[in-house]
1. Looking at (1) out of contact with any Asp or Glu (no Cβ under 7 Å at 6 or more places or on another chain); (2) at negative phi, find the lone condition where V360 falls short.
2. Scan the range 116-134 and report the pairs whose first residue is assigned to a strand (DSSP E or B) and whose second residue is within 16 Å of the ligand (Cβ to nearest atom) and open to solvent by 10 Å² or more (accessible area, probe 1.4 Å), with Cβ atoms within less than 9 Å and a gap of 6+ or a chain change.
3. Take the residues of the range 148-171 that are among the β-branched types (V, I, T) and farther than 18 Å from R222 by Cβ: which is farthest from the ligand (Cβ to nearest atom)?
4. Could you check, for the range 29-37, whether at least one of its residues is without any contact (Cβ under 8 Å) to a residue 40 or more places away in the chain, within 16 Å of N166 (Cβ to Cβ) and of a type in the set (G, A, S)?
5. Would you point out the residue of the range 345-386, among those that are within 16 Å of the ligand (Cβ to nearest atom) and among the basic types (K, R), that is least open to solvent (accessible area, probe 1.4 Å)?
6. Answer yes or no as to whether L112 is open to solvent by less than 30 Å² (accessible area, probe 1.4 Å), closer than 26 Å to G233 by Cα and within 16 Å of the ligand (Cβ to nearest atom).
7. Read through the list (1) part of a loop (DSSP other than H, G, I, E, B); (2) more than 25 Å from the chain's Cα centre (by Cα), then give the number of the only condition that A354 fails.
8. What residue, among those in the range 425-442 that are more than 15 Å from V282 (Cα to Cα) and away from the ligand (no atom under 11 Å from the Cβ), is surrounded by the fewest Cβ atoms within 10 Å (Cβ to Cβ)?
Amino acid sequence: MLRHLTISGLTAKLARRECSAREALQACLDHLAEVDGQVHAFMSHDAADALAQADAADRDLAAGITHAQKPLLGVPIALKDLLAHRGQPLNCSSKIFGNYRSPYDATVVEKLKAAGAVVFGRLNMDEFAMGSSTETSAFQTTLNPWDLTRIPGGSSGGCAASLAANMAFGTIGSDTGGSIRQPAALCGVVGVKPTYGLVSRYGVTAFASSLDQVGPFGKDVRDAALLTQVLAGHDPRDSTSIPRPVPEYLAALVPDGGPRPLKGLRLGLAKEYGVGGLDPDVDAAMQAAVKQFQALGAEVVEVSLPHSEYAAATYYIIAPAEASANLARFDGIRYGARVNGKDPAELYAKTRGAGFGAEVKRRIILGTYVLSSGYYDAYYLRAQKVRTLIRQDFLKAFETVDAILTPTTPTAAFKVGEKSDDPLQMYLSDIFTISCNLAGICGISVPSGFTKAIASAPRLPIGLQLLGRPFGEETMFRLAHAYEQSTPWHLERSPLA
Ligand code: GLN
């Protein structure tokens, strides 16, 4: 069936004119109508606008435009609800935007369109990307297509769940502390957090600007590498975007099946990540992955990241601090929802009181506190110093290894409601993913196995994380692809696919 294809499978079919872009989009829309009433991945979608884009792609294909010219020509791609898409609603799954519609395209949306993609749909997320389960969305909780009693991860839960259920061919999310990699792992798809500065943040609603990075979800590593290729590149409209040429990521993927294709590459296992009682299924998948990498010719050695025990504490000072500043703009004056008051102060307070949910308020309060005079040195400044130490740990490790191997998450998908009353437990879902953002390096999650089915749960996907050098995406993709192609995990699809 059309919707089961990867992007590379779909573009091959489109190129041979065995299907049309309209049919590919229709396959997504039909399946969305069939299963999203259960999954709740989409906030909205504009079928008329998407069909017009698909018809334009079909005209391009008829005119002989190739996928070498437009690599995503005719491919339906859906967006996390924080990327500006001209004419479409943007809510960040928050009530504070009211009836806002984006007046312009984010740079990444411009790039997707220029590559020929059919950009459709707004995907549910944790409110302002603050969360690990989509439960902080002000509108709906997305459910995991592998088990509808469980969360899909977050904050880009809609991205991962919609892809795992084949409602899109690729999706674009954002990752501030794990929000792409963690849901990718819990939904059994591939998710990429590019190096800070590789992908433009222009038109992406800011959460924590020094940590936020846009990245793709793909059904396999090849698709994820292709999408990264399209998204990457310098943008003068984002001052933190780095002016450097983007390598050819697909060329870095080794041909399938060669003997010991990873010979000469070294992988690190952080000794600090093994301790503390990993979940047995996650641990078993990790051990098997290490053996697999060795069989592929890679050398696996121990490395040390001595400051990793401070990563969560550091992140939960820096991210809320930046969020408290970024979210100050939502004051009910220029755009979004407004609750009137007798004077401006009351208007602000009422608007923000009604517009933000509990988790967002918690972060703003925490962030304002750590930045306030008297506490700035003790918290914010100290966290910045520890952040530098965490980055130095990684740079030191990368002197001896090409990438670091970790589980993506401490456990498989948890139950809806299981952690929503316990913010600390929720924050610990990101224990393996947040250092990557603090260090500004790149990371990917690839499917690496399943939990054993038990009476209370079916088998659930598990993810493996590879962390690469700053701008080391080529090697990261090469490692991830060789592993993926030598294991069966990425071929399994959720029951709702
Ligand atoms: N779960 C983390 C948080 O709540 C990370 C979220 C993200 O990467 N956007 O902040």
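The values are calculated or read from the model by the stated rules, or taken from the named source; none is laboratory data. Values in this document were obtained by computation on a predicted structure and should not be read as measured data. Please note: Cβ atoms are built from the backbone with ideal geometry, for glycine as well, and neighbour counts cover all protein chains shown. These accessible areas exclude ligands, DNA and RNA; they are computed on the full protein's heavy atoms, side chains included. Shrake-Rupley method; radii C 1.70, N 1.55, O 1.52, S 1.80 Å.
1. (1)
2. The qualifying pairs are R122/N91.
3. Once the filter is applied, the top-ranked residue is T149.
4. Looking for residues that are without any contact (Cβ under 8 Å) to a residue 40 or more places away in the chain, within 16 Å of N166 (Cβ to Cβ) and of a type in the set (G, A, S), one finds at least one in the range 29-37, hence yes.
5. R363
6. no
7. Condition (1) is where A354 drops out.
8. Taking the candidates together, the pick is Q425.
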